[in-house]
1. Can you tell me which of 109, 78 is in contact with a strand residue (DSSP E or B) (Cβ under 9 Å, 6 or more places away or on another chain) and free of Cβ contacts under 8 Å to residues at least 60 places away in the same chain?
2. Which ones in segment 97-110 are crowded, with 16+ Cβ neighbours inside 10 Å and away from the ligand (no atom under 15 Å from the Cβ)?
3. Within segment 24-68, which strands (runs of 3 or more DSSP E) (wholly inside it) include 1 or more residues that are surrounded by fewer than 15 Cβ atoms within 10 Å (Cβ to Cβ) and away from the ligand (no atom under 13 Å from the Cβ)?
4. Return the residue satisfying two criteria in turn: it lies in segment 81-91 and is under 16 Å from the mean Cα position of the chain (by Cα) and of a type outside the set (Val, Ile, Thr), and of such residues it is nearest to the ligand (Cβ to nearest atom).
5. Which of the following residues is in contact with a Ser or Thr (Cβ under 9 Å, 6 or more places away or on another chain) and among the hydrophobic types (A, V, I, L, M, F, W, C): 68, 109, 78, 129?
6. What do you reckon, is residue 11 within 13 Å of the ligand (Cβ to nearest atom) and among the charged types (D, E, K, R)?
7. Out of the residues in segment 59-104 that are on the phi > 0 side of the Ramachandran plot and in contact with a helix residue (DSSP H, G or I) (Cβ under 8 Å, 6 or more places away or on another chain), which is modelled with the lowest pLDDT?
8. Residue under question is residue 94, and the condition is that it be more than 30 Å from residue 141 (Cβ to Cβ), within 16 Å of the ligand (Cβ to nearest atom) and among the aromatic types (Phe, Trp, Tyr); does it hold?
Amino acid sequence: MKNSAKKKITKKKSPKTLAKEKAWRYFSKYIRLRDCDAHTEIGKCFTCNKPHHYKQMQAGHFIHNTSATYFDEMNVNAQCVRCNYYLGGAGAKYRKHLIKKYGKTGVEALEERAKPGTVFKISDYNEIAEIYKTKVKQEVEKEFYE
Ligand SMILES: [Zn+2]
């Protein structure tokens, strides 16, 4: 290990963390592509309505830190960095816009789904990754065939 002594020592991620990160990469890309125009790749931030390129957007959660709705398509929408990161998700506005899109009962159903207790296994993450890998492909292909 002498040669690698100079390398920055980073904590090795667990296989589960890596699986979750992979699932999130595909899921996040799908959400951002879904919320942006297939040709221009520009979409509006879910909470502030400002247009951005999908690569500059983040997939922002309405309900945070709950496994049950972590990969819920309704709970995650394209947001600008300001809204998602600096405004912590812009929760109040987020809820208002979700109600506009899904109705009050839809949002309440989502909040009901967000109950704690869901535990993902590596196989669950792998399954999510596969599903969204396909969905990303379909979104990208829209650009060519629409
Ligand atoms: Zn925004």
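1. Numbers: 109 fails: in contact with a strand residue (DSSP E or B) (Cβ under 9 Å, 6 or more places away or on another chain).
Sole residue among the options that is in contact with a strand residue (DSSP E or B) (Cβ under 9 Å, 6 or more places away or on another chain) and free of Cβ contacts under 8 Å to residues at least 60 places away in the same chain: 78.
2. Kept after step one, since they are crowded, with 16+ Cβ neighbours inside 10 Å, are these residues of segment 97-110: 97-98, 107, 110.
Selection gives 107, 110.
3. Those strands (runs of 3 or more DSSP E) span 42-44, 51-53.
4. Restricting attention to segment 81-91, the residues satisfying the condition of being under 16 Å from the mean Cα position of the chain (by Cα) are 81-85, 88-91.
Now drop any that are not of a type outside the set (Val, Ile, Thr), which leaves 82-85, 88-91.
On the way: 82: 5, 83: 3, 84: 7, 85: 10, 88: 12, 89: 10, 90: 7, 91: 13 Å.
Ranking the qualifying residues of segment 81-91, first place goes to 83.
5. Values: 109 fails: in contact with a Ser or Thr (Cβ under 9 Å, 6 or more places away or on another chain); 78 fails: in contact with a Ser or Thr (Cβ under 9 Å, 6 or more places away or on another chain); 129 fails: in contact with a Ser or Thr (Cβ under 9 Å, 6 or more places away or on another chain).
That would be 68, the only listed residue that is in contact with a Ser or Thr (Cβ under 9 Å, 6 or more places away or on another chain) and among the hydrophobic types (A, V, I, L, M, F, W, C).
6. Working: within 13 Å of the ligand (Cβ to nearest atom): no; among the charged types (D, E, K, R): yes.
The answer is no for residue 11.
7. 89
8. Numbers: more than 30 Å from residue 141 (Cβ to Cβ): no; within 16 Å of the ligand (Cβ to nearest atom): yes; among the aromatic types (Phe, Trp, Tyr): yes.
Judged against the criteria, residue 94 is not a match.
The values are calculated or read from the model by the stated rules, or taken from the named source; none is laboratory data. Small disclaimer: the values here were computed from a predicted structure and weren't measured. Reconstructed Cβ throughout: ideal geometry from the backbone, glycine too, with neighbour counts over all protein chains shown.
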